[in-house]
Number of protein chains: 2
Amino acid sequence: MTSVLSDSPFVRACRGQDVPHTPVWFMRQAGRSLPEYRKIRAGIGMLESCRRPDLVTEITLQPVRRHQVDAAILFSDIVVPIAAAGVDLDIVAGTGPVVAEPIRTEKDLDRLRPITADDVAFVAESVRLLTGELGRTPLIGFAGAPFTLASYLIEGGPSRTYTKTKAMMYGEPGLWHALLTRLSGITLAFLRTQIDAGVSAVQLFDSWAGALSEADYREYVLPHSREVLAGLADTDVPRIHFGVGTAVLLQAMGEAGADVVGVDWRTPLDRATEQLGARHAVQGNLDPAVLFASWEVVEREARRVLEQGRAAPGHIFNLGHGVLPETDPTVLTRLVELIHDISAR
Amino acid sequence: MTSVLSDSPFVRACRGQDVPHTPVWFMRQAGRSLPEYRKIRAGIGMLESCRRPDLVTEITLQPVRRHQVDAAILFSDIVVPIAAAGVDLDIVAGTGPVVAEPIRTEKDLDRLRPITADDVAFVAESVRLLTGELGRTPLIGFAGAPFTLASYLIEGGPSRTYTKTKAMMYGEPGLWHALLTRLSGITLAFLRTQIDAGVSAVQLFDSWAGALSEADYREYVLPHSREVLAGLADTDVPRIHFGVGTAVLLQAMGEAGADVVGVDWRTPLDRATEQLGARHAVQGNLDPAVLFASWEVVEREARRVLEQGRAAPGHIFNLGHGVLPETDPTVLTRLVELIHDISAR
């Protein structure tokens, strides 16, 4: 915990402190759009690459070198800890996580055992290598939140409707809460491992929580996400909480124990701040698809996000979701420069 | 237009008038979950079945007979008018609409010609057959809204991220508006044909508009949806406007010229009414996945929706999105009974 870079613009913004410029990073900055990433990954499966500290280190560093972002994010995948917990799964290119035998009964829960630091030693090793290389640039650790992990485990892969997930949630609430309790334990252990190894912040991705109403989120999800986020309150590591399509959930997601609430492109940051009662720093909002427009449009939208971000106690510039694979990386580099320039105080 | 059943509970609720009971219908009630539907469709492609008035009539009537709903909805698909406009497409079971050659350039627009009533004569014929059979039960006509249609045409099929759609929207606004102008013309002609043939209401589905922020919706979509909805203001047919994930768009969708705003499961109807300034009737909100829970949960949720619907000038009970294919149809029947019972005045 001595490694939290408390005077970095990124960590200061998470804490709502003054910054020399608005810090910038991009969800999915590591991987996807970078040719140097595609080169290093050639012939190596996604899960394997997440488990090799040499690859994780190189891939995590690539966007930092290229774009001069204010934070690195550990190259990994949200299913890494559940694979470590014993679930047979793969990450299929073009599809996403595919779970060999979905979890749908009480008995299936046995296939999801608690994890220890030893089960994810490769992650701790990657973090140690990275903090050595990164110097004054903070490293963000991350994990998937219990709801989003549950959705993959129950559906067996990505979904548009979350039918089976919700069927269990509404139809078998006892089983649902037992599953999410296991997942919050695994997630907490996974994040603790990263914090112990030296990350400066963590982001809990509840990417698909936006599939729920606020009432359902509060009943079926919030207690488990709080278990994770509040479970890290004894550390001095800022906690970012993010999901997509969360216009009606922002307040509840803040209450889960986040220092920073990540916002997708649908809710402007000033409105998000209003909903959050100005008690949290905010991050996000630029639609990743805007990066396909002319530079004029990119700049106009980036200035809007910066302007609306001023309403919050702290603002970290980011996209409203991950970098899309087809994105031109030179646009990302130029965007970092722009934000640094116009936000310099 | 003489056929608008102005004294039916459904049409009265659309207009915010007193009703003897809260009217109920379900999006996707025709098709999907019904065994009699699967039987009649066996071996017949989706597009073909939408073009055969005998099949359309039977499939549209099936849920009315079975569930005693307060309105029928024409069995069709949102891509029917764009197929009639000359676009080579198919509806692939398990996938959705697949467009042979996506529309991505100025030149591609030529493949999308205006339609006349003759191009969709089978729809007018179906409506005439149906109004004869339905008697005092109103028939709802429908069409896909320009944005949602554009998303299929540009992506070439269903999408999770709408990357290509937004890339055109942000990157080539001239082309975007030209495409949506064509689509609003086609949509308007398609709805006019249905109204002239005798439907009692229409629903404009902008299913995927929730992919946008309010600012983008207002700039890139609203003018075109208004073209359609306001273009029907000279008729006395109520207009319903619906989309999924529209928590931040409801006000704007009401402004597009809707009498009734459809709401997904994320925004409770009382909050929707607040956003709409109580100027519109509301419809929707029950999560389709709730129907997989115990009857106790279904009843609790249905009562909540009814209660929250009272805030609006008019309330039509419906799900927050279409009936899911795995739904037990007997639950739908029981739900209609429940709503009729507890809302009887």
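Of everything in the range A:313-331, what is within 14 Å of chain B (Cβ to nearest Cβ) and among the polar types (S, T, N, Q)? Give them in sequence order.
Kept after step one, since they are within 14 Å of chain B (Cβ to nearest Cβ), are these residues of the range A:313-331: A:319-328, A:331.
Hit for the range A:313-331 is A:Thr327, nothing else.
List pairs: first residue in the range A:159-175 and facing chain B (nearest Cβ under 9 Å), second residue among the polar types (S, T, N, Q) anywhere in the structure, Cβ distance under 6 angstrom, at least six positions apart or on different chains.
A:Tyr162/A:Ser151; A:Thr165/A:Ser151
Just wondering, is there one or more residues in the range B:33-52 that are within 27 Å of B:Ile339 (Cβ to Cβ) and of a type in the set (Lys, Arg)?
Yes, the range B:33-52 has at least one match.
Can you pull out the residues in the range A:95-115 that are farther than 22 Å from A:Thr163 by Cβ and within 21 Å of the chain's Cα centre (by Cα)?
A:Ile115
If a residue has to be among the small types (Gly, Ala, Ser) and surrounded by 13 or more Cβ atoms within 10 Å (Cβ to Cβ) to count, how many in the range B:329-345 make the cut? Give the derivation first.
Going residue by residue through the range B:329-345, those that are among the small types (Gly, Ala, Ser) are B:343-344.
Filter once more, keeping what is surrounded by 13 or more Cβ atoms within 10 Å (Cβ to Cβ): B:343.
Number of matching residues: 1.
Scan the range A:286-308 and report the pairs whose first residue is farther than 19 Å from A:Asp270 by Cβ and whose second residue is in a loop (DSSP other than H, G, I, E, B) and among the charged types (D, E, K, R), with Cβ atoms within less than 9 Å and a gap of 6+ or a chain change.
That search, which allows pairs on different chains as well, returns A:Pro288/A:Arg28; A:Leu291/A:Asp328; A:Phe292/A:Glu326; A:Phe292/A:Asp328; A:Ala293/B:Glu172.
Which is in contact with a strand residue (DSSP E or B) (Cβ under 8 Å, 6 or more places away or on another chain) and on the phi < 0 side of the Ramachandran plot, of B:Leu183, B:Leu112, B:Leu188, B:Leu134?
B:Leu134
Could you tell me how many of the residues in the range A:301-334 are out of contact with any Asp or Glu (no Cβ under 8 Å at 6 or more places or on another chain), closer than 19 Å to B:Thr163 by Cα and not acidic (Asp, Glu)?
11
Is it true that B:Glu155 is within 13 Å of chain A (Cβ to nearest Cβ) and not polar (S, T, N, Q)?
yes
Has the range A:175-183 got any residue that is within 30 Å of A:Ala124 (Cα to Cα), in contact with a Leu (Cβ under 6 Å, 6 or more places away or on another chain) and part of a strand (DSSP E or B)?
no
Please verify whether A:Gly31 is on the phi > 0 side of the Ramachandran plot, surrounded by 21 or more Cβ atoms within 10 Å (Cβ to Cβ) and part of a loop (DSSP other than H, G, I, E, B), treating the condition exactly as stated.
Yes: the conditions hold for A:Gly31.
Being closer than 30 Å to B:Ile342 by Cβ and in contact with a Leu (Cβ under 7 Å, 6 or more places away or on another chain) is the requirement here; does B:Pro102 meet it?
It is false that B:Pro102 is closer than 30 Å to B:Ile342 by Cβ and in contact with a Leu (Cβ under 7 Å, 6 or more places away or on another chain).
Could you say whether any residue in the range A:99-120 is under 12 Å from A:Gly157 (Cα atoms), assigned to a loop (DSSP other than H, G, I, E, B) and of a type in the set (Asp, Glu)?
Among the residues of the range A:99-120, at least one is under 12 Å from A:Gly157 (Cα atoms), assigned to a loop (DSSP other than H, G, I, E, B) and of a type in the set (Asp, Glu), which makes the answer yes.
Cβ contacts < 9 Å: first residue over 11 Å from A:Met46 (Cβ atoms), restricted to the range A:67-92; second residue part of a strand (DSSP E or B) and of a type in the set (Ser, Thr, Tyr), any location; separation 6+ or different chain. Result?
Every condition considered, no pair remains.
Just one of (1) outside any loop (DSSP other than H, G, I, E, B); (2) buried (at least 21 other Cβ atoms within 10 Å of the Cβ); (3) touching a helix residue (DSSP H, G or I) at 6+ places or on another chain (Cβ under 9 Å) trips up A:Ser207, so point out which.
That leaves (1) as the condition not met.
Of the numbered conditions (1) buried (at least 16 other Cβ atoms within 10 Å of the Cβ); (2) hydrophobic (A, V, I, L, M, F, W, C); (3) over 13 Å from A:Gly314 (Cβ atoms), A:Ala42 satisfies every one except a single condition; which is it?
Unmet for A:Ala42, out of (1) buried (at least 16 other Cβ atoms within 10 Å of the Cβ); (2) hydrophobic (A, V, I, L, M, F, W, C); (3) over 13 Å from A:Gly314 (Cβ atoms): (1).
Take the conditions modelled with pLDDT of 95 or more and more than 9 Å from chain B (Cβ to nearest Cβ) and apply them to A:Glu219. Does it pass?
Here the answer is yes, as A:Glu219 does meet what is asked.
Looking at the range B:231-279 only, could you name the residues that are surrounded by 20 or more Cβ atoms within 10 Å (Cβ to Cβ), farther than 19 Å from A:Thr267 by Cα, among the aliphatic types (A, V, I, L, M) and away from chain A (no Cβ under 12 Å)?
Of everything in the range B:231-279, those that are surrounded by 20 or more Cβ atoms within 10 Å (Cβ to Cβ), farther than 19 Å from A:Thr267 by Cα, among the aliphatic types (A, V, I, L, M) and away from chain A (no Cβ under 12 Å) turn out to be B:Val237, B:Ile240, B:Ala256, B:Ala258, B:Val260, B:Val261.
Residues are listed down the side, and each one gets a yes or a no for (1) of a type in the set (A, V, I, L, M); (2) modelled with pLDDT of 95 or more:
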residue: A:Val99; (1), (2): yes, yes
residue: A:Leu112; (1), (2): yes, yes
residue: A:Ile140; (1), (2): yes, yes
residue: A:Tyr152; (1), (2): no, yes
residue: A:Gly156; (1), (2): no, yes
residue: A:Ser159; (1), (2): no, no
residue: A:Lys164; (1), (2): no, yes
residue: A:Leu175; (1), (2): yes, yes
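Hey, any hits in the range B:35-44 for a residue that's over 29 Å from B:Ser159 (Cβ atoms), modelled with pLDDT of 95 or more, touching a helix residue (DSSP H, G or I) at 6+ places or on another chain (Cβ under 9 Å) and in a loop (DSSP other than H, G, I, E, B)?
no
Return the total of residues in the range A:287-301 being hydrophobic (A, V, I, L, M, F, W, C), touching a strand residue (DSSP E or B) at 6+ places or on another chain (Cβ under 9 Å) and surrounded by fewer than 23 Cβ atoms within 10 Å (Cβ to Cβ).
The number of residues fulfilling the criteria is 1.
Within the bounds of the range A:272-285, is there any residue that is out of contact with any helix residue (DSSP H, G or I) (no Cβ under 9 Å at 6 or more places or on another chain), charged (D, E, K, R), at pLDDT 95 or above and under 15 Å from A:Gly314 (Cα atoms)?
yes
Quick one: which of B:Ala143, B:Ala150, B:Ala189 is in contact (Cβ under 8 Å) with a residue 12 or more places away in the chain, of a type in the set (Gly, Ala, Ser) and not in a helix (DSSP H, G or I)?
Of the residues listed, the single one that is in contact (Cβ under 8 Å) with a residue 12 or more places away in the chain, of a type in the set (Gly, Ala, Ser) and not in a helix (DSSP H, G or I) is B:Ala143.
Are any residues in the range A:103-140 free of Cβ contacts under 8 Å to residues at least 40 places away in the same chain and acidic (Asp, Glu), and if so, which ones?
Step one: of the range A:103-140, the residues free of Cβ contacts under 8 Å to residues at least 40 places away in the same chain are A:107-108, A:110-111, A:113, A:118-119, A:121, A:132, A:135.
Matches in the range A:103-140: A:Asp108, A:Asp110, A:Asp118, A:Asp119.
Scan the range A:111-139 for residues that are closer than 25 Å to A:Pro223 by Cβ and buried (at least 24 other Cβ atoms within 10 Å of the Cβ) and report the count.
Adding up the residues that qualify gives 1.
The values are calculated or read from the model by the stated rules, or taken from the named source; none is laboratory data. Only a predicted model underlies this, so the values are computations on that prediction, with no experimental measurement involved. A quick note on method: Cβ atoms are made from the backbone with ideal geometry, for glycine too, and the neighbour counts reach across all protein chains shown.
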